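Throughout, read-outs are computed from the coordinates displayed, never taken from laboratory work. Small disclaimer: the values here were computed from a predicted structure and weren't measured. Every residue, glycine among them, receives a Cβ derived from its backbone with ideal geometry; neighbour counts consider all protein chains shown.
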Amino acid sequence: MTAIILANCAILDGTCAERREDHHVLIEDGWIREVSDRPLRSETAETIDLHGRTLMPELIDAHVHVDGG
């Protein structure tokens, strides 16, 4: 099992109008398993500190390129 904790990030997921600051995300085998406003712990996860950067899960696929040609 591959596990990553993205620590100290802001979440912008489209479910609320504002970014949620100071959050932590646990990803296991490519799936988001937990989002918390408190630090997460895992014996097997690599922790990556995002230093307040914004995480936009699934929003990368929510865009379109329109070509009028």
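Okay, here's what the table says:
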{"item": "Protection proxy ranking of 29-38, 48-57 - average other beta-carbon atoms within 10 Å, highest first", "result": "48-57, 29-38"}
{"item": "Proximal charge balance of ARG20 [Cβ under 12 Å; K/R count +1, D/E count -1]", "result": "-4"}
